[in-house]
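One structure is given here, and the rest of the page talks about it.
The values are calculated or read from the model by the stated rules, or taken from the named source; none is laboratory data. Predicted model, so just to flag it, every value in this text is computed and none were measured. Please note: Cβ atoms are built from the backbone with ideal geometry, for glycine as well, and neighbour counts cover all protein chains shown.
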Amino acid sequence: MNKAFRIPPDGKSKLTPAATLASRLGCLIGQAFPLSGKTRTDGSKLRKLVAATLEQDPLPAECPVDRYRIIPKKGVPKNLREYLDTYLVTSGDSYNLQVWNRNPAADSVQVEFATGEPLRAVDVRIVLTRVDVQEHVIRAIAVLSPRYIVERFGPFGKPTIKHQLIITPKARAYVLGKNPPLVFYPDHAQMKGWTARKPSLKGLSIFDPPKAGRLYSLRAIEDWVSARLLGKVIPRAGTKNRGQWLETLVARELGYKINEGDLVGGYPDIRNQLLEVKVQDAATVDLGQFSPQFEEGVPLCPEVTTVAVRYLIALTDPKSGKVVGAIVCPGDKLGLHCAYVSDTSFKCQRSIPMNFFDSFDGKVAFDPGVYGGASTPNAD
C-alpha cells in the first residue's frame, strides 16, 4: 500500500465524502479475488486493493508532519489518508465485525490537528467487502459509518479491560487558557429529574445508591470548583492517595460526613452523586474498568448509563500540587477533548446478518436505507 495512506488528510473537511468513496469502489464489483484461506493474508490483500483503487482518483491533501499528532498507540485506521478500515466478509449466516483497540462509536480523539476539527473514532469509515467463497469474486461492498452500524444492528460489545484517558499537552493548554481555567458541560439528558441546585443530603452516605432529586447539578459543582477548588494545593503523595484526598475534600464540601480512610473505592467514586473524581498531572488518567467510551449500565443505578456519569478532573501542577485547571462534564463529553486508551489490546465486536449484504448483492452501498440506499457499480 502506498505510504501516502499512512499520513492523515489536512483536516477532517478534506476527506473524500463516504458516498463518493462508495461510488469509486464500484469498479471492484465482479472482480476476481482469489482467497488463500489465511485471514491476515487475504485481509492485507483487500486493504491494498481498496487503497490502489482509491489512488486512481485524487487523494485528500496530506497534513504536514508538524501539524498533526496521532494520540493512541493502537486503534487508528490502517488507511489514514481516507480514514477508513477494510474488512473481508465471506460465508456464514452472519458476519462478526471485529474492531481492534477502539470503540468505533465513541467520540474519542484519534488524530489531533494543530488547527481544525480532530478526527475521532466515530469518524472512521468502515468498508465491508463480501467475496463469494465459491467463485472467488467480489459480490458486494458496504461503506458504513459507525453510527449507522449501531443504529441498525445494535451497540458494539465491550471487553473487560482497564481504561485510561489521555489529556494531551494541547488539550491541557486549552483548559488552562480559559478564564477561569475550566472546561464545563452541563448534565446529560439522562439526569433530568435527578439533579438540583441545593439538594438535601440528610441521612445519605457517599456509598448509597443515587436518588432522584438529590444530586447536585454539574452547574452547581462547576461553581464550587471555580470558587473553591482552583488554586488549592493537593498534598504530595502517590497517585491513589492524592485521588483519595481530593475525593474526601469534594465529599465534605458537598455535605457528606467522611474521613479519607473511609473510602473503599468503587464506581463511581462518590456513588451517591454519580460523580467520578480524578487528579491529573501526567498525560494519562486511570478510569478503571468503566469508561464512558462504552455505554452500559451503572452498578446499583440501572436507570443511568456510563455516558451520564459525571466527571470532575482536577489538573494539577506536577511540582507544586496546585490545582491549575479542571474539567467538569458528563461522561459523553470527555472524548471531545481527550482520547481513550487501554493498557492492553482489545476488540469491539458487532454481528451483522449476512442477509444484509444480500440486500444489495452486485452493488456498492453507503449506509443503505439512510442516505439513498445502494448504488450501482457505475453510480456517480
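Against the conditions (1) surrounded by fewer than 20 Cβ atoms within 10 Å (Cβ to Cβ); (2) at pLDDT below 95, where does SER375 fall short? Just the number, please.
(1)
Among the numbered conditions (1) aliphatic (A, V, I, L, M); (2) within 27 Å of ASP332 (Cα to Cα); (3) assigned to a helix (DSSP H, G or I), tell me where ALA106 comes up short.
Failed condition: (3).
Among the residues that make up segment 151-164, is at least one of them in a strand (DSSP E or B) and either in contact with a strand residue (DSSP E or B) (Cβ under 6 Å, 6 or more places away or on another chain) or among the basic types (Lys, Arg) (or both)?
Yes, segment 151-164 contains at least one residue that is in a strand (DSSP E or B) and either in contact with a strand residue (DSSP E or B) (Cβ under 6 Å, 6 or more places away or on another chain) or among the basic types (Lys, Arg) (or both).
Look through segment 65-109, keep the residues that are among the small types (Gly, Ala, Ser) and under 21 Å from PHE360 (Cβ atoms), and return whichever of them is surrounded by the most Cβ atoms within 10 Å (Cβ to Cβ).
Residues of segment 65-109 among the small types (Gly, Ala, Ser): 75, 91-92, 94, 105-106, 108.
Within this subset, residues satisfying the condition of being under 21 Å from PHE360 (Cβ atoms) are 91-92, 94.
Details: SER91: 11, GLY92: 10, SER94: 13.
Per the stated criteria, the residue is SER94.
Just checking, which of TYR216, TYR185 is among the hydroxyl-bearing types (Ser, Thr, Tyr), under 19 Å from LEU315 (Cβ atoms) and crowded, with 16+ Cβ neighbours inside 10 Å?
TYR185
Which residues, taken from segment 285-305, are surrounded by 22 or more Cβ atoms within 10 Å (Cβ to Cβ) and among the hydroxyl-bearing types (Ser, Thr, Tyr)?
Within segment 285-305, SER291 is the sole residue that qualifies.
Return the residue satisfying two criteria in turn: it lies in segment 132-178 and is in contact with a Pro (Cβ under 9 Å, 6 or more places away or on another chain) and among the β-branched types (Val, Ile, Thr), and of such residues it is nearest to THR20 (Cα to Cα).
Filtering segment 132-178 for residues that are in contact with a Pro (Cβ under 9 Å, 6 or more places away or on another chain) and among the β-branched types (Val, Ile, Thr), the one nearest to THR20 (Cα to Cα) comes out as ILE149.
If you scan segment 249-269, which residues turn out to be surrounded by fewer than 19 Cβ atoms within 10 Å (Cβ to Cβ), modelled with pLDDT of 85 or more and aliphatic (A, V, I, L, M)?
Within segment 249-269, LEU249 is the sole residue that qualifies.
Taking ASN272 as meeting all but one of (1) in contact with a Ser or Thr (Cβ under 8 Å, 6 or more places away or on another chain); (2) touching a residue at least 12 places away in the same chain (Cβ under 8 Å); (3) exposed (fewer than 15 other Cβ atoms within 10 Å of the Cβ); (4) not aliphatic (A, V, I, L, M), write down the number of the exception.
(3)
Return only the number of the condition from (1) at pLDDT below 95; (2) farther than 25 Å from LEU176 by Cβ that LEU246 does not satisfy.
The number of the failed condition is (2).
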